[in-house]
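Written below as structure tokens is the structure these notes are about.
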Amino acid sequence: MPWRRFLLSQSQMKLTCDPARADPEYVYYWCRSPEVQRYVENWTIAAGVPHTNLSTLRQTPLLLPPLAEQRSIASALSALDRRISLCDDQRAVLVQVVDLLFRTWFIDHAPTADKENGLRHPTVDEALYSRLAPAFTVDGDRRFPLAYRLLPLTELAEFQNGSAFGMTDFSPAGEGLPIIKIGELKQGITRQTRYCVGRDNARRIDRGDLLLSWSGNPDTSIDTFLYFGGPAWLNQHIFKVATKRPEDRAYMFGLLRHLKPRLLAFARAKQTTGLGHVTLKDMRTVVVEYPPVMMRDAFDALTAPYFAKIGACDELRASLVATRDELLLRLMSAEARLRP
């Protein structure tokens, strides 16, 4: 980081460790443990916005094994966190590559522009090059390749909303299928994830499904996701984007990511108390330049290796998170129980 000193807001607290007694990294992981989380929740001040305070922080029990053992525990957990961070970084780069290829093909129309000039774009093979129309058409202020069509976004796929789940729908953790909310799309399955055995009309998702979260804080919640977990239930405020053909998923993923600024503008226009949303009515007003089947199929084949690697990153990350959380639970909770 470029800064060595920071200012804390009124919603934060600082904890300074005595280095002769406590390893700061160990204390960090201790504070993330289920025991401490439950302790803080039990002592949360519920009036207005739920919060805790310095008095609760000072009284929070801390299990302190010998300093060498603290460092060993922190080292094991931080090694897993570093590997998780590497997975996130690699995934982000892979998604950026897909974004770049999408922009090159379907926004800049580089393959068609190159053929118009007698060239073959390096991302295009001979078979596709021979079928490309070497010319553009103009519609108003739009210029796009021949054989493309102007269509509303909602005609390209079916946007199926998730289901609302209540307390009576929840089953004990691990029984039934997990319920996928925004938190699970960002962090994966955690100890906070709810489960449900089944419910009438619940929306089910599975590995490889394309999802669009359409409600929440525009800056943090509204986004496009590829789901690479196992069978699950989809929570409300998230669309399952069902393309007409599996081969269209790669194109739709790139398109929805490209359209994110417009979707955020819709959400911010309706934003109240920090929340905004995008409706199907909004999306019907978005008209896109829809490529022919051969272009969508070629893009699917071109990006398939990247999506496979994205899925592998997600699977590895989920395994590492589960290992870290289990290790955290065993190392820090087996010897002590906090009782408010």
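The values are calculated or read from the model by the stated rules, or taken from the named source; none is laboratory data. Bear in mind the structure is a predicted one, so any value in this text is a computation, not a measurement. Glycine also receives a Cβ, built like all others from the backbone with ideal geometry; neighbour counts cover every protein chain displayed. Keep in mind that these areas ignore ligands, DNA and RNA; they rest on the heavy atoms of the full protein, side chains included. Shrake-Rupley method; radii C 1.70, N 1.55, O 1.52, S 1.80 Å.
Close contacts from the range 118-140, counting a first residue that is over 15 Å from Trp105 (Cβ atoms) and a second that is surrounded by fewer than 15 Cβ atoms within 10 Å (Cβ to Cβ), with Cβ to Cβ under 6 Å and a gap of 6+ residues or different chains, come to Ala135/Leu146; Thr137/Leu146. Out of the residues in the range 49-102 that are of a type in the set (A, V, I, L, M, F, W, C) and outside any helix (DSSP H, G or I), state the one that is surrounded by the fewest Cβ atoms within 10 Å (Cβ to Cβ). Residue satisfying both the conditions and the ranking: Val49. I'd like to know if the range 30-44 contains one or more residues that are under 27 Å from the mean Cα position of the chain (by Cα), within 30 Å of Thr123 (Cα to Cα), open to solvent by less than 70 Å² (accessible area, probe 1.4 Å) and not polar (S, T, N, Q). The answer is no; no qualifying residue exists. Within the range 280-302, the set of residues being open to solvent by less than 30 Å² (accessible area, probe 1.4 Å), closer than 13 Å to Arg262 by Cα and part of a helix (DSSP H, G or I) comprises Asp282, Met283.
Residues that are within 30 Å of Arg38 (Cβ to Cβ) and of a type in the set (A, V, I, L, M): does the range 288-308 have at least one? So far as the range 288-308 goes, no, none of its residues is within 30 Å of Arg38 (Cβ to Cβ) and of a type in the set (A, V, I, L, M).
Could you list, in sequence order, the residues of the range 245-271 that are modelled with pLDDT of 95 or more, open to solvent by 30 Å² or more (accessible area, probe 1.4 Å) and assigned to a loop (DSSP other than H, G, I, E, B)? If the condition is that a residue be modelled with pLDDT of 95 or more, open to solvent by 30 Å² or more (accessible area, probe 1.4 Å) and assigned to a loop (DSSP other than H, G, I, E, B), then Arg245 is the only one that fits.
What about Phe106, is it open to solvent by less than 60 Å² (accessible area, probe 1.4 Å) and either at pLDDT 80 or above or touching a Phe, Trp or Tyr at 6+ places or on another chain (Cβ under 6 Å) (or both)? Yes.
Report whether or not Leu128 is in contact with a helix residue (DSSP H, G or I) (Cβ under 9 Å, 6 or more places away or on another chain) and either under 27 Å from Arg245 (Cα atoms) or assigned to a helix (DSSP H, G or I) (or both). Here the answer is yes, as Leu128 does meet what is asked. Which residues, counting only those in the range 192-229, are among the small types (Gly, Ala, Ser), within 21 Å of Gly254 (Cβ to Cβ) and either open to solvent by 20 Å² or more (accessible area, probe 1.4 Å) or in a loop (DSSP other than H, G, I, E, B) (or both)? Answer for the range 192-229, where residues must be among the small types (Gly, Ala, Ser), within 21 Å of Gly254 (Cβ to Cβ) and either open to solvent by 20 Å² or more (accessible area, probe 1.4 Å) or in a loop (DSSP other than H, G, I, E, B) (or both): Gly208, Ser221. Within the range 152-180, the residues that satisfy the criterion of being touching a Phe, Trp or Tyr at 6+ places or on another chain (Cβ under 6 Å), within 10 Å of Gly198 (Cα to Cα) and not in a loop (DSSP other than H, G, I, E, B) are Ser171, Leu177. Look at (1) modelled with pLDDT of 90 or more; (2) in a helix (DSSP H, G or I); (3) open to solvent by less than 40 Å² (accessible area, probe 1.4 Å) and you find that Leu328 fails only one, number (1). On the stretch given as the range 145-176, residues that are basic (Lys, Arg) and surrounded by 15 or more Cβ atoms within 10 Å (Cβ to Cβ) total 0.
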